[in-house]
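The values are calculated or read from the model by the stated rules, or taken from the named source; none is laboratory data. If you're wondering where the values come from, they're calculated on a predicted model, not measured in any experiment. Positions of Cβ are generated from backbone atoms using ideal geometry, with glycine treated the same way; all protein chains shown enter the neighbour counts. Side chains are part of the model used for accessible areas, which takes the heavy atoms of the whole protein and leaves out ligands, DNA and RNA. Shrake-Rupley method; radii C 1.70, N 1.55, O 1.52, S 1.80 Å.
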Amino acid sequence: MRERVLEEAWQLASREGWDRVRVGDLAVRAEVSRPSIYAEFGDRAGIGAALVERESGRFLLGVAQVLTMHRHDVAAALEAGVAHALAESTRNPFVRAVIGAAQGGTDALLPFLSSRAEPVFSQSWDLVNAWLAEVAPHVPAELRLEATDLTVRLTISHMLLPSLDVRTSPARVARAACAVLGHGGPGTAGRNPAPAEVHGVSGS
């Protein structure tokens, strides 16, 4: 029952925006009773939170796969991960509908996409931070935290307010994060730096 309701909510929100999704409509489409929906989700906001959590899990799985593919080159991996995220924001009809409505100042799901306490931000943050700890353990933890925060916030910002040249956005976000990490940005040597190089010290 839960998955049927979420799938119908996804379909409606993708076509018409979350503001047009009603519990009564979901009950009819999913062929369940309204009391059953309220018992499962609590209220309409609970459905929205569950839907965003489901979609964020799918979204982040794709980002994680991209980061893993390029794990031996931090700059290339960050650029590819941001590019994937921005592409999904235009490809995925649900994300596209939410962002489009948010740009018009109407969609109540926006807080779930951008608030620190909610799934998309917090799970994205955790994913990037854990990945950086794995591929760049020699970088001080506080710098990895700063690079993580910068990457996630800039990526979400570019989703909501695309730049004039969206093709360069991933590289610019990656360069900013790499500058914090002490790593050459996209277009530099295609490998992760040695610990001494991160701190700007080269061997003799």
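Taking only the range 72-89 into account, find how many residues are at pLDDT below 90 and over 16 Å from VAL173 (Cβ atoms).
Our first condition is that a residue be at pLDDT below 90; within the range 72-89, this holds for 88-89.
Filter once more, so that each one left must be over 16 Å from VAL173 (Cβ atoms): none.
Of the residues in the range 72-89, 0 are at pLDDT below 90 and over 16 Å from VAL173 (Cβ atoms).
Given the criterion surrounded by fewer than 20 Cβ atoms within 10 Å (Cβ to Cβ) and either at pLDDT 95 or above or in contact with a strand residue (DSSP E or B) (Cβ under 8 Å, 6 or more places away or on another chain) (or both), identify the matching residue among PRO170, PRO140, PRO111. Write out each step before concluding.
Values: PRO170 fails: surrounded by fewer than 20 Cβ atoms within 10 Å (Cβ to Cβ); PRO111 fails: either at pLDDT 95 or above or in contact with a strand residue (DSSP E or B) (Cβ under 8 Å, 6 or more places away or on another chain) (or both).
Result of the check over PRO170, PRO140, PRO111: PRO140.
Does the range 27-45 include one or more residues that are open to solvent by less than 80 Å² (accessible area, probe 1.4 Å) and under 30 Å from THR148 (Cα atoms)?
Within the range 27-45 (the criterion being open to solvent by less than 80 Å² (accessible area, probe 1.4 Å) and under 30 Å from THR148 (Cα atoms)), the answer is yes, since at least one residue qualifies.
Write out, first by first residue and then by second, each pair whose Cβ atoms fall under 8 Å of each other, whose residues are 6+ apart or on separate chains, and whose first residue, in the range 1-15, is under 9 Å from ILE47 (Cα atoms) and surrounded by 15 or more Cβ atoms within 10 Å (Cβ to Cβ) while the second is at pLDDT below 90 and not hydroxyl-bearing (Ser, Thr, Tyr).
Between residues of the range 1-15 that are under 9 Å from ILE47 (Cα atoms) and surrounded by 15 or more Cβ atoms within 10 Å (Cβ to Cβ) and residues that are at pLDDT below 90 and not hydroxyl-bearing (Ser, Thr, Tyr), the close pairs are LEU6/ALA50; LEU6/LEU51; LEU6/ARG54; ALA9/VAL21; ALA9/GLY48; ALA9/LEU51.
In the range 173-204, how many residues are in contact with an Asp or Glu (Cβ under 6 Å, 6 or more places away or on another chain) and modelled with pLDDT of 60 or more?
Residues that pass the stated criteria total 3.
For the range 57-70, which positions are open to solvent by 60 Å² or more (accessible area, probe 1.4 Å) and at pLDDT below 90?
First, the residues of the range 57-70 that are open to solvent by 60 Å² or more (accessible area, probe 1.4 Å): 58, 61, 65, 68-70.
Scanning the range 57-70 gives a single hit, ARG58.
Does the range 81-88 contain any residue that is over 30 Å from PRO137 (Cα atoms) and open to solvent by less than 40 Å² (accessible area, probe 1.4 Å)?
Checked against the condition, which is being over 30 Å from PRO137 (Cα atoms) and open to solvent by less than 40 Å² (accessible area, probe 1.4 Å), the range 81-88 yields no hits at all.
Is it the case that the range 46-56 has a residue that's on the phi > 0 side of the Ramachandran plot, under 26 Å from the mean Cα position of the chain (by Cα), modelled with pLDDT under 95 and surrounded by 15 or more Cβ atoms within 10 Å (Cβ to Cβ)?
Residues of the range 46-56 that are on the phi > 0 side of the Ramachandran plot, as a first pass: none.
No, the range 46-56 contains no residue that is on the phi > 0 side of the Ramachandran plot, under 26 Å from the mean Cα position of the chain (by Cα), modelled with pLDDT under 95 and surrounded by 15 or more Cβ atoms within 10 Å (Cβ to Cβ).
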